[in-house]
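Report on the structure given below.
Readers should treat all values here as calculations from the given coordinates under stated rules, not as data from a laboratory. For clarity, every value in this text was computed on a predicted model and none was experimentally measured. Because the Cβ atoms are built from the backbone with ideal geometry, glycine has one as well, and the counts that use them run over all protein chains shown.
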Amino acid sequence: MHLLIEKTVKSATSYFQDFFIHEYSRKTYLHDVHPSIKLLGTLAFIILSISTFQVKKILLILASVYVLALNTGLDVGVLAKRSSLFAIFSFLIVLPVSVFERDVVYLITFPLRVFASISSLQLFILTTRFSEILYGLKKLRIPGMMIDIIWLTYRYTISMFRDLLSILVAREARRLKKTSHIETLKGGSKSLGLFLLRSFEKAEEIELAMNARGRKISYRGKYRAGFFYILYISGVATWWMML
Amino acid sequence: MHIPDGYLDLSIAAVMWVLTALVIGLSLKKVAESKNLNVPLLGVISAAIFAAQMLNWPIPGGTSAHFVGGALAGILLGPYAGSIAMASVVAIQAFLYGDGGLIALGANLWNMAVVNVFVGWYIYRLLERYSKFGAAFVAGWLGITTAAIFVGIEAGLSASFRYPAFVAISAMGVWHGVLGLIEGFITAGIVSYIHSSRPDLEETSNAVISKVPVAFIGVMILLSPVFAYLAEIVGYSEPLENVAEEIGLAEKQSYTGIFPDYTIPGVNEYIGTLISGAVGVVIFLSLAFMRQHASAD
């Protein structure tokens with residue numbers, strides 16, 4: 001069981017860092033652009049990245065994303081680091097088929113497309129708080145009920161994980177002998193079962209608390225229309241089409 | 001399991017978005033009508049599933065696997081609420097961590113929040129009369145395996161992803177078929193524990209589920225590869241480039257610079273110069289203004 005806890009804590013620590021990185025405190029022009037405009041702009045960047053296999057077009061999008069990041073004061077290194085892992089993975093995935101078909105261009109363009117699209121998404125993530133993303137989705141007419149559920153999921157994930165870890169640590173503290181993989185699976189499943197039962201109880205408490213405080217979740221914000229951002233993307237899209 | 005942008009063709013991604021929107025929309029409607037389910041419950045249970053996904057189960061050989069929980073969500077909450085809970089988790093993973101793409105989010109939701117949940121739930125309902133443990137095991141195992149096979153189908157049908165469909169499907173299906181055994185075992189353990197401790201909770205998942213909509217969703221799941229195949233035939237593969245060609249903005253000659261001599265081939269020389277100048281000015285002015293309009297803090 002200790003392996004389960006060790007591996008989980010190690011993995012979750014790096015995972016939860018993103019919760020805090022995400023709450024990026026620095027304010028730049030992009031942070032102030034209306035989240036729904038930014039989301040649409042990001043979609044435009046991604047569509048332009050994945051609609052072509054021409055290297056020059058993909059490089060244009062990649063350059064546009066990184067120039068935008070640089071211009072608005074973001075750490076380009078962080079952006080590249082967060083985008084590179086899956087691009088490298090994609091390179092390895094298409095390596096066999098590229099070798100088989102003797103197509104070096106595909107070996108370069110496929111991961112480059114992935115890198116450009118992930119960079120666009122990461123640029124959006126690094127400049128938009130989660131509450132702002134939900135506000136943007138709401139403005140884009142995504143059903144309110146879905147958004148409220150996503151918001152509550154986000155708010156309670158760390159708290160729920162702490163409860164789960166407490167259950168696992170308590171069980172581990174009571175263990176007297178070494179366990180096999182099968183026993184870990186059995187014990188872990190029981191712990192998860194208990195955890196889910198407690199989650200139902202916690203949900204009831206939270207519902208009562210929400211009823212007492214008022215159930216409406218409001219997402220407000222004051223943002224720029226993002227006129228220059230729209231101009232920039234329009235310019236890049238036009239350039240892309242002309243290439 | 002999370003497909004990033006770039007693996008699927010736009011036409012297939014669009015079809016998956018439409019199918020997902022239909023099922024999630026129907027699920028939201030059903031949950032809104034339900035008396036047993038509410039927003040806080042779904043939010044907290046989704047958070048619990050998200051937290052449970054972080055458990056890294058050690059498996060022989062020194063590696064580890066993590067739990068997905070789609071079938072479990074269906075069994076515990078019912079297929080509609082289960083699909084919404086999983087959709088919430090998958091959406092957060094995309095918007096917060098960049099796990100999976102935005103254009104591919106429709107396909108990711110389809111695989112993990114629809115196929116995994118509904119297939120798991122169908123199997124559980126079919127087999128639970130024989131053994132709840134066995135039914136939950138098969139549901140967890142086949143739910144995740146089917147979802148992985150759908151990932152293989154979507155990627156395999158996409159012309160952007162050069163591997164033949166059978167290679168992509170086999171790679172995803174076989175690997176997850178093996179790892180899915182762990183998913184099945186955990187799902188079965190949890191369901192057995194909850195069944196013995198709080199059998200009343202099963203009422204939540206079994207309440208008011210009429211057969212017609214779930215049968216309709218089942219047919220949609222079965223037919224979704226056909227829709228994806230048709231989308232690929234109709235829509236391959238680079239629609240924006242096709243548009244550029246149709247409106248005369250694309251050129252077939254070898255690369256001669258972005259705007260050769262500040263003109264646009266095929267467009268009147270003066271207008272071309274005007275447009276190319278305007279595009280450059282727009283890009284650089286917008287960058288400059290963004291810089292200038294950044295908040296002081």
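By count of other Cβ within 10 Å, fewest leading, how are A:V114, A:V169 ordered?
A:V169, A:V114
Report, as an integer, the average count of C-beta atoms from other chains found within 10 Å of each Cβ along A:129-141.
Mean number of neighbouring Cβ atoms from other chains: 1.
Quote the charge dipole size of the stretch B:10-240 about the Cα centre in Debye, to the nearest 20; the model charges only the Cβ of Lys and Arg (+1) and of Asp and Glu (-1).
That gives a dipole near 340 debye.
Excluding the sites themselves, what is the longest stretch of chain A that contains no trypsin sites (Lys or Arg not before Pro) in a DSSP loop with at most 14 other C-beta atoms within 10 Å?
Details: sites that count: A:R26, A:R102, A:R141, A:R175, A:K177, A:K178, A:R215, A:K216, A:R220, A:K222.
Here the longest segment lacking exposed loop sites spans A:27-101.
Taking a quarter of the surface of the Cα convex hull of the stretch B:1-62, what do you get in nm²?
Here the figure is 7.0 nm², rounded to one decimal.
Report, in cubic angstrom per residue, the convex hull volume of the C-alpha atoms of chain A.
Normalising the Cα hull of chain A by residue number yields 171 Å³.
So for the stretch A:72-153, averaging the separation of alpha carbon pairs under 8 Å that are six or more residues apart and normalising by length, what relative contact order in percent results?
Numbers: 37 pairs, mean separation 23.7, N = 82.
Rounded, it is 29 percent for the stretch A:72-153.
Pop out the Kirkwood hydrodynamic radius of the stretch B:10-240 from its pairwise C-alpha distances, inverse of mean 1/r, in Å to one decimal.
17.8 Å
Taking 8 Å as the Cα distance limit and 6 or more residues as the minimum spacing, I'd like the relative contact order of chain A as a percentage.
35 percent
Mind sorting A:E204, B:E128 by how few other Cβ atoms lie within 10 Å of their own Cβ, fewest first?
In order of increasing Cβ crowding within 10 Å: A:E204, B:E128.
Using the beta-carbon distance between B:S34 and B:L126 and R0 = 35 Å, what value does 1/(1 + (r/R0)^6) give for FRET efficiency, to the nearest 0.05?
The formula returns an efficiency of 0.95 here.
Among B:D5, A:D163, which comes first, second and so on when ranked by fewest other beta-carbon atoms within 10 Å?
Numbers: B:D5 28, A:D163 18.
By the 10 Å Cβ count, ascending: A:D163, B:D5.
What does the structure give for B:190-200 when I average, per residue, the other chain Cβ atoms found within 10 Å of the residue Cβ?
Averaged over the peptide's residues, the number is 4.
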